[in-house]
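No lab work stands behind these numbers, since they all come straight from the coordinates. Please read these numbers as outputs of a predicted model, since none were measured by experiment. FYI the Cβ positions are ideal-geometry reconstructions off the backbone, even for glycines, and counts take in every protein chain you see.
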Amino acid sequence: MRSHYCGEVTEDLLGEEVTVCGWVHRRRDHGGVIFIDLRDREGLLQVVFDPDTPAAFETAERVRGEYVLRVWGRVRERPEGTVNPELSTGRVEVLGLRLEVLNRSEPPPFQLDDETTGEETRLRYRYVDLRRPAMYERLRMRSLITRAMREFLDGNGFLDVETPMLTKATPEGARDYLVPSRTQPGSFFALPQSPQIFKQLLMMSGMERYYQIVRCFRDEDLRADRQPEFTQLDVEVSFLEPDAFMGLMESLVRHVFAKVLGVDLPAPFPRMCYAEAMGRFGTDRPDLRNPLELVEVADLVRDCDFKVFSYPAQDPGGRVAALRAPGGGALPRSVIDDYTRWVGAYGARGLAYIKVNERERGREGLQSPIVKFLSDEALSGIVERSGAENGDLVFFGADRSSVVNASLGALRDKLARDLGLGEEGWRVLWVVDFPMFEWNEGERRWDALHHPFTSPNPDDPEQVESDPGALGSKAYDLVINGSEAAGGSMRIHRRELQEAVLRTLGIPDEEARQRFGHLLDALRYGCPPHGGIAFGLDRLAMQMSGSASIRDVIAFPKTQTASCPLTGAPAPASAEQLRELGIRLKS
């Protein structure tokens, strides 16, 4: 139907006749001459209709926004003074000779260039929203990312293997989406939170190198970078040491960034242990573009009269940390109060601070209600250790370690944004040496920090059950600009070790057989050492495209209530469908 895309019509085609198709982006009637900006996925093209071609001109008079057109015309230079250097087609226009309306459009629910339109409306009319050039570019970049991933993995001996969507529930840390079985009433499939067990079974089957760009499902509360159905690049290998596998995945990431963005990432990626990341940044996914760091000051305030500090400083599970805000001494009290409310969302019960007016004067140069409770030695140690200068503000977190890390880690990122401290560019690192287990105080049991199939370090079944809190794991996360881009581990490949881990997690042998019997049986028949990783494709596309939400890089996403305004899903099932499934709803 066309000879060229709109965005391809440039000076190279001057004097030639072209046929183009697209939507009416804008129509302007300049008293005897009609201008139409025609839009397709490759760009905008200005088409001019004048009375010398009466049939086309008459049709152009009836055209309105978002009509679908086919235009035959001749390419010519734009008149002097009308060139648009921001468009690839900005030096030319097409003189319309013939015009066909392929389809009319009612007035759209919003203008494509109206950035104030609410997200609910955009999702309700997603097919209109996706016509926006910015949305097309995001989806195009996502397509380039997946193409680059496949290109690299196919070239390195990986097999693309599909795994089932209808499967059995596995413990992945969120609720499952369940699908009732018609043929076995009362039984349910679970949509996979990940292909974890299946990809391990593929390693036991001798595939050695597997990958899949796969849909996963988790019934959990949503946020800007989370969806109930999401996509990940799943990778698993056999007979490869952790360092070699991580190096291979680094090469994959560098290939994707070079192909899609033309960015050369460093080699090798730096590595940081989990304990260091939590100590310096309060999070296991630190944004290294942010220069701010937490510093430990518990030893300086352990014996002070300020119980808010001394109690957690003396508690083995507590922490007292300081965070310097450069130039923060100029912040008004209202802003400090806002920060106090901000950290409250992360469990902090307050936010103590000290303003450093003149550090040379010691106590006299510091301003805060808490100064009177601290010794000269403690104050000078805090100022020295935090690196505070005149005009700075030092914030404090004092509570359980988990609360201090979460609240000051979040405050660190917010301060960097508010004070304009972050660097540009890309900072990538591996976080390694995670603990194997974490203690769940509320339920009084051990939880797997990653998942139950991660190999502990050391991989000793006796120590798993006798001293789980002392164990590390062979897990690793890839962090890009403060976001977890991928997470993985070496897996357990010995049955007795897997059973010991499940028992430590409070899953008795009988229940383990019921839930994971197929995996435990497979471990009896020559399982190779193996490991893998999963990249969050939506999140990676969000980062690489500069989007604020993963909903911007998903064609048809859900809202924060896990609903679809476009289709009305989820929706009630008919009584007949429920009867077939053996499901009865309470009246």
Footprinting exposure proxy for 489, 205 (fewest neighbouring C-beta atoms within 10 Å first): 205, 489
As computed over the range 431-494, the Cα convex hull volume per residue (Å³): 90 Å³
Amide proton proximity set for residue 16, modelled H, under 5 Å, gap of 5+: 75
Listed peptides 395-407, 536-548, 63-75 by packing density, highest first (mean Cβ within 10 Å): 395-407, 536-548, 63-75
Label point distance in nm, residue 337-residue 106, each placed 7 Å from Cα along Cα→Cβ: 4.9 nm
Listed residues 455, 127, 466: farthest to the positive end of the dipole of the chain (Cβ charges): 127
Protection proxy ranking, peptides 77-89, 508-520, 46-58, average beta carbon neighbours within 10 Å, highest first: 46-58, 508-520, 77-89
Whole-Å distance, taken between Cα centres, linking the range 513-587 and the range 227-283: 23 Å
Value of [θ]222 nm, deg cm²/dmol, for the chain, DSSP H segments ≥ 4, -39500 (n - 2.57) each, nearest 500: -9000 deg cm²/dmol
Hz values of 3J(HN,Hα) by residue in the range 285-297 - Karplus curve (6.51, -1.76, 1.60), Gly and Pro given as x: 9, x, 8, 6, 6, 8, x, 6, 9, 7, 10, 7, 10
Along each principal axis, Cα extent of the range 6-103, largest first, Å: 29, 27, 21
Listed residue (440, 9, 24) projecting farthest to the positive dipole end of the chain, Cβ model: 24
For residue 198, net neighbour charge (Lys/Arg +1, Asp/Glu -1) across residues whose Cβ lies under 12 Å away: -1
Rg followed by Dmax, in Å, when the chain is reduced to its Cα trace: 29.9, 92
Lys, Arg +1 and Asp, Glu -1 on Cβ, resulting dipole of the chain about Cα centre, debye, nearest 20: 1360 debye
Net charge dipole size for the range 433-587 [Lys, Arg +1 and Asp, Glu -1 on Cβ; Debye, nearest 20]: 720 debye
Charge-dipole axis of the chain as Lys and Arg at +1 and Asp and Glu at -1 on Cβ define it, positive-most pick from 583, 228, 143: 583
Whole-number percent relative contact order across the range 345-479, with pairs defined as alpha carbons under 8 Å at least 6 apart: 20 percent
For the range 6-103, size of Cβ-based charge dipole, Lys and Arg +1, Asp and Glu -1, in debye: 340 debye
Relative contact order (%) - the range 1-134, alpha-carbon pairs under 8 angstrom, separation at least six: 25 percent
Calculated FRET value between residue 168 and residue 146, using beta carbons and R₀ = 30 Å, to 0.05: 0.60
Residue 361 paired with residue 460, simple spin-label distance in nm, labels 7 Å along Cα-to-beta-carbon: 5.8 nm
Karplus 3J(HN,Hα) series, Hz, for the range 31-44 with 6.51 cos²θ - 1.76 cosθ + 1.60 (x for Gly, Pro): x, x, 10, 10, 9, 10, 8, 8, 10, 10, 5, 9, x, 10
